[in-house]
């Protein structure tokens, strides 16, 4: 008899896709007429951040919208973004965007409680750092758990990996 089948529930960022979206947004901002002479720019800030700069709140928020649009086209969830409030810095307006990755303990507890309460019987859930391992003897039960978790509207991006 075969052992348990399992998969992991994770919240990871595809850094390459985020970089591609960032580069596309920067290119579009440099070419669009409505961004001319506004000092609008978007650039990477460390590993987990993006900095937006413009000369007015509306322009800075429009840059963020262009970035969101590019992320969607590249198949990335907007739930990875934690957009800060526009703040004035001299003649410029800046917005910091944090890229959220990983599932917090509180979020992991919510997901595991959902699976225990509403999921098929015989499914085991283990919290392992910033991810959850779900295992069961039946693969059909795992498929049901994936469908159940996808139905929920969590405030973090969810991916399913290591399906075995």
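Every number in this text was worked out from the coordinates using simple rules, so none of it is lab data. All figures in this text were calculated on a predicted structure; none of them were measured in a lab. Don't worry about glycine lacking a Cβ; one is built from the backbone with ideal geometry, like all the others, and counts go over all protein chains shown.
What nm value, rounded to one decimal, do you get for the distance between residue 4 and residue 19 when each label is placed 7 Å out toward the C-beta?
3.7 nm
Could you tell me the relative contact order of the chain? Use alpha-carbon pairs under 8 Å, at least six residues apart, and round to a whole percent.
Relative contact order here is 33 percent.
Going by alpha carbons, how many degrees (0 to 90, nearest 10) lie between the helix axis of 57-73 and the longest principal axis of the chain?
40 degrees
Could you run the Debye sum over the Cα atoms of region 1-57, one equal point scatterer each and no solvent, and tell me log10 of I(q)/I(0) at q = 0.21 Å⁻¹, two decimals?
Taken in order of the listed q values, log10 I(q)/I(0) reads -0.87.
From the alpha carbon gyration tensor of the chain, can you work out the equivalent ellipsoid semi-axes (sqrt of 5 times each eigenvalue) and give them in Å, largest to smallest?
40, 15, 12
Roughly what would the spin-label model give for residue 98 and residue 44, points 7 Å off Cα along C-beta, in nm?
2.0 nm
When the helices in the chain are scored as -39500 (n - 2.57) per DSSP H run of 4 or longer and the sum is shared across all residues, what 222 nm value do you end up with, to the nearest 500 deg cm²/dmol?
Details: 4 runs with 61 residues, N = 164.
My calculation for the chain gives -12000 deg cm²/dmol from helical runs alone.
Kirkwood hydrodynamic radius of region 39-108 from all distinct Cα pairs, in Å?
The Cα-based Kirkwood calculation yields 12.8 Å.
Between rounded, prolate and oblate, where does region 77-118 land on the alpha carbon gyration tensor, with a ≥ b ≥ c its root eigenvalues, rounded for a/c under 1.5, else prolate if a/b exceeds b/c?
In terms of gyration-tensor shape, prolate.
Helix 15-31: angle to the longest alpha-carbon principal axis of the chain, degrees 0 to 90, nearest 10?
With rounding to tens, the tilt is 20 degrees.
With axes computed from alpha carbons, what is the tilt in degrees of helix 139-151 against the longest principal axis of the chain, rounded to the nearest 10 within 0 to 90?
30 degrees
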